[in-house]
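*Asks:* Okay, handing you the structure first.
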Amino acid sequence: MQRAATLVEILEADGEVMLVDDIVSRSRRKLRIEAASPGYDLPLEATFEYEEWYVRLRRGWSLTDYQYEVRLHPAGSGRKAFHWHDDSHHVHCLDQRSPRSDDHYRGYEVDLLGDARPDLLRIVAAGAVDCSGLHPLA
Amino acid sequence: MLELRDRKAFYTPGEIAALTRVDPKTVMSWIHGGKLNAVQLSARIYRVPLAAVIKLLAPDQIRRPALRRRTVRQLERPGEARARERRRVAARV
């Protein structure tokens, strides 16, 4: 799958790519990429996890689900994730300043490189997750 | 290994300019042209990840894990594992 190589080529400018996993069954496929920030032997500040699920169609692989996520370290100090599964686009957000932390928030379809990646990298550069402006799922 | 004094997670464009001995405007042109990966924190504030600095100045030092490709009989979507667990719990009650 060319997408794995393309993503690694881009994401390796955000941190040290630690894992590229491509799991294939007869009809489905899962791509998982993990990266550490900053990497390169510096203390861990955050981990990026990008997972995509595909189903095989006649014209090729079609994206059906995704989970794009950043976790700040130490564990529990912040998390933001864009999820699409069970036909639901939603956001998980853990902000230590928010009493409603780690709830499900209303989401929308995001593109990994165009939407999720810059947002998640911005969180790591700022050193904090900000969940303000998100609306809880009803 | 690329020798960067005081290595850190993110650099300012000014620090990249000093490292590479170019004008800060040149660094901004690299960022806007896509040659240098940076994150925009506000209208005028950018930060460059360490990995992007290495990729620009010493691309041979970029670490790439091997692609792990596996074939499995069955692969679940994320919601299916949860649904299976709910059915299992419901069957026990």
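Bear in mind that the values in this text are calculations on the coordinates, not laboratory data. Not measured: the values here are computed from a predicted model. FYI the Cβ positions are ideal-geometry reconstructions off the backbone, even for glycines, and counts take in every protein chain you see.
*Asks:* Mind checking Rg over Rh on chain A, alpha carbons, Kirkwood formula for Rh?
*Replies:* Taking Rg over the Kirkwood Rh, I get 0.98.
*Asks:* Roughly how many nanometres apart are two label points built 7 Å out from the Cα toward the Cβ at A:E109 and B:T26?
*Replies:* So the label points at A:E109 and B:T26 sit 4.3 nm apart.
*Asks:* How many nm is it between the label spots at A:I10 and A:D86, if each spot is 7 Å from the Cα in line with the beta carbon?
*Replies:* 2.9 nm
*Asks:* Give, in nm to one decimal, the length gained when the segment between B:A43 and B:E80 is fully stretched (0.36 nm per residue of separation minus the Cα-Cα distance).
*Replies:* 9.1 nm
*Asks:* Computed over the Cα atoms of chain B, what is the convex hull's projected area averaged over all directions, in nm²?
*Replies:* That works out to 11.5 nm², a quarter of the Cα hull's surface.
*Asks:* Let me ask something else about it. Can you pull the mean other chain C-beta count within 10 Å for peptide B:46-54? Show your work: numbers first, answer last.
*Replies:* Working: counts 1, 5, 2, 10, 9, 13, 5, 3, 6.
Average neighbour count from other chains, rounded to a whole number: 6.
*Asks:* Could you give the size of the charge dipole of chain A about its Cα centre, using +1 on the Cβ of each K and R and -1 on the Cβ of each D and E, expressed in debye and rounded to the nearest 20?
*Replies:* With Lys and Arg at +1 and Asp and Glu at -1, about 540 debye.
*Asks:* Which distance in nm do the two modelled labels at A:Q96 and A:L44 give, with both placed 7 Å along the Cα-to-Cβ direction?
*Replies:* Spacing of the two 7 Å Cα→Cβ label points: 1.7 nm.
*Asks:* A follow-up question, please. Given springs between every Cα pair under 10 Å in a Gaussian network model of chain B, which of B:T26, B:T71, B:T12 has the largest fluctuation?
*Replies:* Looking only at B:T26, B:T71, B:T12, the biggest GNM fluctuation is shown by B:T71.
*Asks:* How large is ³J(HN,Hα), in whole Hz, for each residue of segment A:54-67 in order, when computed from phi with the Karplus curve 6.51 cos²θ - 1.76 cosθ + 1.60 and θ = phi - 60°, using x for Gly and Pro?
*Replies:* 10, 10, 7, 10, 4, 8, x, 7, 10, 5, 10, 8, 8, 9
*Asks:* Still on this structure, I have one more. Which listed residue (B:P13, A:A5, B:V53) has the Cα farthest towards the positive end of the charge dipole for the protein assembly as shown, taking +1 on Lys and Arg C-beta and -1 on Asp and Glu C-beta about the Cα centre?
*Replies:* With unit charges placed on the Cβ atoms, the residue in question is A:A5.
*Asks:* Run down the lysines and flag those whose C-alpha is under 28 Å from the C-alpha of B:K35, throwing out any fewer than 8 positions away in its chain.
*Replies:* Partners within reach: A:K80, B:K8, B:K25, B:K55.
*Asks:* Treat every Asp and Glu Cβ in chain B as -1 and every Lys and Arg Cβ as +1, leave all other atoms uncharged, and give the resulting dipole magnitude about the Cα centre to the nearest 20 debye.
*Replies:* Result for chain B is approximately 880 debye, rounded to the nearest 20.
*Asks:* Which value, in debye to the nearest 20, describes the size of the charge dipole of the protein assembly as shown about its Cα centre when Lys and Arg Cβ atoms bear +1, Asp and Glu Cβ atoms bear -1, and nothing else is charged? Write down the numbers at each step before the final one.
*Replies:* On the way: 39 positive and 32 negative charges, 183 e Å.
With Lys and Arg at +1 and Asp and Glu at -1, about 880 debye.
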